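One structure below.
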Amino acid sequence: MRRRTVIKWLGGGLGLMAAGQTRGQRTILPVIGLLHSESSSLLTKPLEYFRLGLAELGYREGQNVAIEYRWAEGQNEVLTTLAADLVQRNVKVIVTPGTTPASLAAKAATSTIPIIFFTAGDPVALGLVKSLNSPGGNATGVTSLGSELLTKRLALMHELLPDVHAMCLLVNPANTALRKPVDEAMRVAASLGVQLSVLTASSQDDLSKAFSEIERMRAGALIIAIDPFFTSRRELLGTMALDHGVPAVYQYADFAEAGGIISYGGTVSEPYTIVGNYAGRILNGEKPASLPVQQATAIELVVNLKVANRLAVTVPIALLGRADKVIE
(Lines give C-alpha, C1' and ligand atoms only; values in the text may rest on other atoms or scores of the structure.)
Protein backbone atom coordinates (compact mmCIF):
# COMPACT_ATOMS: atom_id res chain seq x y z
CA MET A 1 0.00 0.00 0.00
CA ARG A 2 2.86 2.36 0.83
CA ARG A 3 4.53 1.87 -2.57
CA ARG A 4 1.24 2.57 -4.38
CA THR A 5 0.85 5.82 -2.41
CA VAL A 6 4.38 6.92 -3.31
CA ILE A 7 3.80 6.29 -7.02
CA LYS A 8 0.58 8.27 -6.98
CA TRP A 9 2.32 11.17 -5.23
CA LEU A 10 5.10 11.33 -7.79
CA GLY A 11 3.05 10.37 -10.84
CA GLY A 12 2.56 13.94 -12.05
CA GLY A 13 6.19 14.87 -11.66
CA LEU A 14 9.32 14.02 -13.58
CA GLY A 15 9.61 10.42 -12.54
CA LEU A 16 8.90 7.57 -10.16
CA MET A 17 10.93 6.31 -7.22
CA ALA A 18 12.98 3.19 -7.85
CA ALA A 19 11.66 -0.07 -6.45
CA GLY A 20 12.91 -0.63 -2.94
CA GLN A 21 13.84 3.02 -2.37
CA THR A 22 12.53 4.99 0.56
CA ARG A 23 11.37 8.57 0.54
CA GLY A 24 14.55 9.55 2.30
CA GLN A 25 16.67 8.31 -0.59
CA ARG A 26 14.50 9.96 -3.27
CA THR A 27 15.97 8.20 -6.32
CA ILE A 28 13.80 9.55 -9.11
CA LEU A 29 13.51 7.58 -12.33
CA PRO A 30 12.73 9.02 -15.75
CA VAL A 31 9.32 7.88 -16.97
CA ILE A 32 8.36 6.48 -20.35
CA GLY A 33 4.67 6.56 -21.22
CA LEU A 34 3.54 3.60 -23.32
CA LEU A 35 0.24 4.11 -25.12
CA HIS A 36 -1.45 1.26 -26.97
CA SER A 37 -4.86 0.56 -28.44
CA GLU A 38 -4.97 -3.03 -27.14
CA SER A 39 -4.40 -4.77 -23.79
CA SER A 40 -1.17 -5.83 -22.12
CA SER A 41 -2.05 -9.54 -22.22
CA LEU A 42 -1.91 -9.48 -26.02
CA LEU A 43 1.55 -7.92 -26.25
CA THR A 44 3.66 -9.97 -23.89
CA LYS A 45 6.27 -11.01 -26.46
CA PRO A 46 6.51 -7.67 -28.34
CA LEU A 47 7.08 -5.86 -25.05
CA GLU A 48 9.98 -8.18 -24.32
CA TYR A 49 11.64 -6.91 -27.49
CA PHE A 50 10.85 -3.31 -26.55
CA ARG A 51 12.53 -3.79 -23.17
CA LEU A 52 15.46 -5.46 -24.91
CA GLY A 53 15.88 -2.37 -27.08
CA LEU A 54 15.88 -0.21 -23.96
CA ALA A 55 18.42 -2.49 -22.30
CA GLU A 56 20.79 -2.06 -25.23
CA LEU A 57 20.96 1.60 -24.22
CA GLY A 58 21.46 0.69 -20.58
CA TYR A 59 17.88 1.18 -19.36
CA ARG A 60 16.06 -1.46 -17.33
CA GLU A 61 12.51 -1.06 -16.13
CA GLY A 62 12.28 -0.59 -12.38
CA GLN A 63 16.04 -0.03 -12.02
CA ASN A 64 16.83 3.19 -13.85
CA VAL A 65 13.66 3.85 -15.83
CA ALA A 66 9.94 3.57 -15.10
CA ILE A 67 7.20 2.84 -17.61
CA GLU A 68 3.62 4.06 -17.25
CA TYR A 69 1.30 1.90 -19.35
CA ARG A 70 -1.96 3.09 -20.83
CA TRP A 71 -4.08 0.44 -22.56
CA ALA A 72 -7.20 1.27 -24.54
CA GLU A 73 -8.37 -2.36 -24.37
CA GLY A 74 -9.52 -2.25 -27.99
CA GLN A 75 -11.49 0.97 -27.54
CA ASN A 76 -9.71 3.53 -29.71
CA GLU A 77 -12.11 6.25 -28.64
CA VAL A 78 -10.40 6.44 -25.22
CA LEU A 79 -6.92 6.95 -26.66
CA THR A 80 -7.31 10.74 -26.63
CA THR A 81 -7.99 10.71 -22.89
CA LEU A 82 -5.16 8.27 -22.19
CA ALA A 83 -2.71 10.34 -24.22
CA ALA A 84 -3.76 13.52 -22.41
CA ASP A 85 -3.14 11.78 -19.08
CA LEU A 86 0.42 10.89 -20.07
CA VAL A 87 1.01 14.47 -21.18
CA GLN A 88 -0.31 15.76 -17.87
CA ARG A 89 2.06 13.44 -16.05
CA ASN A 90 4.93 15.03 -17.99
CA VAL A 91 6.57 11.77 -19.04
CA LYS A 92 9.95 12.04 -20.74
CA VAL A 93 8.86 10.23 -23.90
CA ILE A 94 5.69 8.57 -25.21
CA VAL A 95 6.04 5.32 -27.17
CA THR A 96 3.25 3.96 -29.35
CA PRO A 97 4.59 0.66 -30.75
CA GLY A 98 2.50 -1.12 -33.35
CA THR A 99 -0.56 1.09 -33.11
CA THR A 100 -1.27 3.87 -35.59
CA PRO A 101 -4.38 5.13 -33.71
CA ALA A 102 -2.32 5.59 -30.53
CA SER A 103 0.42 7.33 -32.50
CA LEU A 104 -2.07 9.80 -33.93
CA ALA A 105 -3.64 10.36 -30.50
CA ALA A 106 -0.24 11.08 -28.95
CA LYS A 107 0.70 13.42 -31.79
CA ALA A 108 -2.54 15.35 -31.30
CA ALA A 109 -1.99 15.54 -27.54
CA THR A 110 1.46 17.12 -27.50
CA SER A 111 3.88 19.01 -29.69
CA THR A 112 6.68 19.02 -27.12
CA ILE A 113 7.01 15.58 -25.50
CA PRO A 114 8.99 13.23 -27.79
CA ILE A 115 6.96 10.45 -29.41
CA ILE A 116 8.43 7.19 -30.70
CA PHE A 117 6.04 5.24 -32.92
CA PHE A 118 5.89 2.03 -34.87
CA THR A 119 3.35 2.04 -37.67
CA ALA A 120 2.68 -0.15 -40.67
CA GLY A 121 1.47 2.92 -42.54
CA ASP A 122 3.27 5.84 -44.16
CA PRO A 123 4.23 8.22 -41.32
CA VAL A 124 4.45 11.16 -43.74
CA ALA A 125 1.00 10.57 -45.19
CA LEU A 126 -0.35 10.07 -41.67
CA GLY A 127 1.02 13.45 -40.62
CA LEU A 128 3.35 12.03 -37.97
CA VAL A 129 6.52 13.42 -39.55
CA LYS A 130 7.53 15.83 -42.30
CA SER A 131 9.86 13.33 -43.95
CA LEU A 132 11.51 10.02 -43.12
CA ASN A 133 15.06 11.37 -43.11
CA SER A 134 14.24 14.63 -41.34
CA PRO A 135 11.16 14.03 -39.19
CA GLY A 136 11.00 17.53 -37.72
CA GLY A 137 8.69 18.16 -34.80
CA ASN A 138 8.52 15.83 -31.81
CA ALA A 139 7.90 12.41 -33.39
CA THR A 140 10.01 9.72 -35.01
CA GLY A 141 10.17 5.94 -34.95
CA VAL A 142 9.94 3.00 -37.29
CA THR A 143 7.69 2.00 -40.15
CA SER A 144 7.24 -1.35 -41.82
CA LEU A 145 6.03 -2.49 -45.21
CA GLY A 146 2.96 -3.97 -43.53
CA SER A 147 0.25 -2.20 -45.50
CA GLU A 148 2.33 -2.06 -48.70
CA LEU A 149 2.71 -5.85 -48.64
CA LEU A 150 -1.04 -6.43 -48.79
CA THR A 151 -1.01 -6.89 -52.57
CA LYS A 152 1.99 -9.21 -52.26
CA ARG A 153 0.05 -11.43 -49.86
CA LEU A 154 -2.84 -11.47 -52.29
CA ALA A 155 -0.49 -12.52 -55.10
CA LEU A 156 0.97 -15.27 -52.93
CA MET A 157 -2.48 -16.66 -52.22
CA HIS A 158 -3.26 -16.58 -55.94
CA GLU A 159 -0.02 -18.45 -56.63
CA LEU A 160 -0.90 -21.00 -53.95
CA LEU A 161 -4.52 -21.34 -55.07
CA PRO A 162 -4.68 -20.48 -58.79
CA ASP A 163 -8.12 -22.08 -59.21
CA VAL A 164 -9.71 -20.07 -56.42
CA HIS A 165 -11.55 -17.05 -57.79
CA ALA A 166 -13.40 -15.90 -54.66
CA MET A 167 -11.37 -14.62 -51.72
CA CYS A 168 -12.06 -12.45 -48.70
CA LEU A 169 -10.07 -9.52 -47.32
CA LEU A 170 -10.45 -8.85 -43.59
CA VAL A 171 -9.90 -5.25 -42.47
CA ASN A 172 -10.45 -3.17 -39.36
CA PRO A 173 -12.89 -0.41 -40.41
CA ALA A 174 -11.36 1.95 -37.84
CA ASN A 175 -7.98 1.85 -39.61
CA THR A 176 -8.21 4.71 -42.11
CA ALA A 177 -4.58 4.19 -43.15
CA LEU A 178 -5.67 1.06 -45.02
CA ARG A 179 -7.89 2.80 -47.55
CA LYS A 180 -5.23 3.18 -50.21
CA PRO A 181 -3.72 -0.34 -49.78
CA VAL A 182 -7.20 -1.88 -49.88
CA ASP A 183 -8.07 0.01 -53.07
CA GLU A 184 -4.84 -1.25 -54.63
CA ALA A 185 -5.59 -4.81 -53.52
CA MET A 186 -8.99 -4.62 -55.19
CA ARG A 187 -7.36 -3.53 -58.45
CA VAL A 188 -4.77 -6.31 -58.30
CA ALA A 189 -7.45 -8.89 -57.51
CA ALA A 190 -9.46 -7.83 -60.54
CA SER A 191 -6.36 -8.17 -62.74
CA LEU A 192 -5.87 -11.71 -61.41
CA GLY A 193 -9.47 -12.67 -62.04
CA VAL A 194 -10.19 -12.87 -58.32
CA GLN A 195 -13.38 -11.56 -56.75
CA LEU A 196 -12.19 -10.01 -53.49
CA SER A 197 -14.89 -9.39 -50.89
CA VAL A 198 -14.07 -7.05 -48.00
CA LEU A 199 -15.13 -8.11 -44.50
CA THR A 200 -14.71 -5.93 -41.42
CA ALA A 201 -13.92 -6.70 -37.79
CA SER A 202 -12.94 -4.62 -34.77
CA SER A 203 -14.08 -6.90 -31.94
CA GLN A 204 -14.01 -10.57 -31.01
CA ASP A 205 -17.68 -10.89 -31.89
CA ASP A 206 -16.94 -9.36 -35.31
CA LEU A 207 -14.27 -11.98 -35.94
CA SER A 208 -16.71 -14.81 -35.32
CA LYS A 209 -19.22 -13.21 -37.66
CA ALA A 210 -16.54 -12.68 -40.32
CA PHE A 211 -15.53 -16.35 -40.36
CA SER A 212 -19.17 -17.38 -40.50
CA GLU A 213 -19.59 -15.09 -43.50
CA ILE A 214 -16.55 -16.62 -45.19
CA GLU A 215 -18.16 -20.04 -44.85
CA ARG A 216 -21.50 -18.75 -46.12
CA MET A 217 -19.83 -17.16 -49.17
CA ARG A 218 -17.74 -20.30 -49.73
CA ALA A 219 -14.70 -18.12 -50.22
CA GLY A 220 -11.59 -20.13 -50.97
CA ALA A 221 -9.03 -17.98 -49.15
CA LEU A 222 -8.61 -15.18 -46.62
CA ILE A 223 -6.13 -12.29 -46.68
CA ILE A 224 -5.89 -10.29 -43.45
CA ALA A 225 -4.86 -6.64 -43.68
CA ILE A 226 -2.27 -5.48 -41.15
CA ASP A 227 -3.78 -3.82 -38.08
CA PRO A 228 -2.96 -3.65 -34.34
CA PHE A 229 -6.23 -5.38 -33.50
CA PHE A 230 -5.36 -8.32 -35.75
CA THR A 231 -1.67 -8.37 -34.84
CA SER A 232 -2.44 -8.68 -31.14
CA ARG A 233 -4.72 -11.63 -32.02
CA ARG A 234 -2.60 -13.17 -34.75
CA GLU A 235 -2.33 -16.59 -33.10
CA LEU A 236 -6.07 -16.65 -32.44
CA LEU A 237 -6.72 -15.73 -36.09
CA GLY A 238 -4.48 -18.55 -37.25
CA THR A 239 -6.39 -21.00 -35.09
CA MET A 240 -9.76 -19.70 -36.26
CA ALA A 241 -8.72 -19.97 -39.91
CA LEU A 242 -7.70 -23.58 -39.44
CA ASP A 243 -10.84 -24.44 -37.46
CA HIS A 244 -12.99 -23.00 -40.26
CA GLY A 245 -10.99 -24.75 -42.96
CA VAL A 246 -9.95 -21.61 -44.84
CA PRO A 247 -6.42 -21.01 -46.17
CA ALA A 248 -5.33 -17.66 -44.71
CA VAL A 249 -2.34 -15.32 -44.83
CA TYR A 250 -1.15 -12.59 -42.46
CA GLN A 251 2.08 -10.84 -41.67
CA TYR A 252 3.72 -12.65 -38.77
CA ALA A 253 5.27 -16.12 -38.48
CA ASP A 254 3.36 -17.11 -35.34
CA PHE A 255 0.14 -16.65 -37.33
CA ALA A 256 1.28 -19.44 -39.66
CA GLU A 257 2.49 -21.50 -36.73
CA ALA A 258 -0.97 -21.26 -35.15
CA GLY A 259 -2.90 -22.36 -38.24
CA GLY A 260 -2.44 -19.90 -41.08
CA ILE A 261 -1.27 -21.53 -44.28
CA ILE A 262 1.18 -18.70 -45.05
CA SER A 263 2.66 -15.68 -43.34
CA TYR A 264 4.54 -13.00 -45.23
CA GLY A 265 5.94 -9.80 -43.82
CA GLY A 266 8.12 -8.30 -41.16
CA THR A 267 9.06 -9.71 -37.79
CA VAL A 268 7.78 -8.57 -34.40
CA SER A 269 11.27 -8.36 -32.90
CA GLU A 270 12.87 -5.80 -35.22
CA PRO A 271 10.47 -2.82 -34.93
CA TYR A 272 9.82 -3.19 -31.20
CA THR A 273 13.56 -3.34 -30.51
CA ILE A 274 14.08 -0.18 -32.58
CA VAL A 275 11.35 1.62 -30.62
CA GLY A 276 13.11 0.64 -27.38
CA ASN A 277 16.43 1.85 -28.78
CA TYR A 278 15.00 5.19 -29.82
CA ALA A 279 13.31 5.68 -26.45
CA GLY A 280 16.66 5.11 -24.79
CA ARG A 281 18.34 7.62 -27.08
CA ILE A 282 15.70 10.19 -26.20
CA LEU A 283 16.36 9.57 -22.51
CA ASN A 284 20.05 10.14 -23.27
CA GLY A 285 19.25 13.61 -24.57
CA GLU A 286 18.81 13.16 -28.32
CA LYS A 287 15.95 14.93 -30.09
CA PRO A 288 13.36 13.13 -32.24
CA ALA A 289 13.81 15.68 -35.02
CA SER A 290 17.38 14.45 -35.48
CA LEU A 291 16.52 10.75 -35.48
CA PRO A 292 15.41 9.55 -38.94
CA VAL A 293 12.42 7.25 -39.22
CA GLN A 294 13.79 3.75 -39.66
CA GLN A 295 12.20 1.17 -41.89
CA ALA A 296 11.93 -2.40 -40.67
CA THR A 297 13.56 -4.43 -43.42
CA ALA A 298 13.35 -8.04 -42.23
CA ILE A 299 10.83 -9.87 -44.43
CA GLU A 300 10.11 -13.57 -44.09
CA LEU A 301 7.88 -16.06 -45.85
CA VAL A 302 6.62 -18.97 -43.77
CA VAL A 303 4.67 -21.88 -45.24
CA ASN A 304 2.83 -24.32 -42.99
CA LEU A 305 2.75 -27.67 -44.81
CA LYS A 306 0.84 -29.27 -41.95
CA VAL A 307 -2.01 -26.85 -42.52
CA ALA A 308 -1.75 -27.27 -46.29
CA ASN A 309 -2.07 -31.03 -45.95
CA ARG A 310 -5.03 -30.72 -43.59
CA LEU A 311 -6.77 -28.38 -46.05
CA ALA A 312 -5.84 -30.57 -49.04
CA VAL A 313 -3.80 -27.77 -50.63
CA THR A 314 -0.79 -28.61 -52.78
CA VAL A 315 1.93 -26.00 -52.28
CA PRO A 316 3.85 -25.23 -55.50
CA ILE A 317 7.51 -26.23 -55.45
CA ALA A 318 8.52 -22.69 -56.47
CA LEU A 319 6.72 -21.23 -53.46
CA LEU A 320 8.32 -23.73 -51.10
CA GLY A 321 11.71 -22.89 -52.57
CA ARG A 322 11.29 -19.21 -51.69
CA ALA A 323 10.11 -19.87 -48.12
CA ASP A 324 12.36 -18.80 -45.29
CA LYS A 325 10.72 -21.40 -43.08
CA VAL A 326 8.61 -24.46 -43.84
CA ILE A 327 6.58 -26.01 -41.03
CA GLU A 328 6.33 -29.76 -41.57
Tally, over segment 212-246, of residues that are farther than 17 Å from A256 by Cα and of a type in the set (D, E, K, R): 4
Residues located in segment 301-319, provided they are in a helix (DSSP H, G or I) and either in contact with a strand residue (DSSP E or B) (Cβ under 7 Å, 6 or more places away or on another chain) or of a type in the set (S, T, N, Q) (or both): L305, K306, N309, L319
Every pair of residues 6+ apart whose Cβ atoms lie under 7 Å, when the first sits in segment 56-71 and is touching a residue at least 12 places away in the same chain (Cβ under 8 Å) while the second is surrounded by fewer than 15 Cβ atoms within 10 Å (Cβ to Cβ) and among the hydrophobic types (A, V, I, L, M, F, W, C): G62/A19
Condition broken by G321, with the remaining ones in (1) open to solvent by less than 40 Å² (accessible area, probe 1.4 Å); (2) among the small types (G, A, S); (3) free of Cβ contacts under 8 Å to residues at least 40 places away in the same chain satisfied: (1)
S134, sole failed condition from (1) of a type in the set (G, A, S); (2) in contact (Cβ under 8 Å) with a residue 12 or more places away in the chain; (3) open to solvent by 70 Å² or more (accessible area, probe 1.4 Å); (4) not in a loop (DSSP other than H, G, I, E, B): (4)
Flag for A155 being part of a helix (DSSP H, G or I), among the small types (G, A, S), in contact with a helix residue (DSSP H, G or I) (Cβ under 8 Å, 6 or more places away or on another chain) and over 22 Å from S232 (Cβ atoms): yes
V87 within 15 Å of I282 (Cα to Cα) and at pLDDT 95 or above: no
Selection status of R310, in contact with a helix residue (DSSP H, G or I) (Cβ under 8 Å, 6 or more places away or on another chain), open to solvent by 40 Å² or more (accessible area, probe 1.4 Å) and among the charged types (D, E, K, R): yes
Residue that is nearest to T100 (Cα to Cα) [pool: residues in segment 158-186 that are open to solvent by 40 Å² or more (accessible area, probe 1.4 Å) and part of a loop (DSSP other than H, G, I, E, B)]: A174
Residue in segment 140-149 that is open to solvent by less than 10 Å² (accessible area, probe 1.4 Å) and either free of Cβ contacts under 8 Å to residues at least 24 places away in the same chain or over 20 Å from E38 (Cα atoms) (or both) present: yes
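The values are calculated or read from the model by the stated rules, or taken from the named source; none is laboratory data. In this text, all values refer to a predicted model and were calculated from it rather than measured experimentally. Virtual Cβ from ideal backbone geometry, glycine too; neighbours counted across all protein chains shown. Keep in mind that these areas ignore ligands, DNA and RNA; they rest on the heavy atoms of the full protein, side chains included. Shrake-Rupley method; radii C 1.70, N 1.55, O 1.52, S 1.80 Å.
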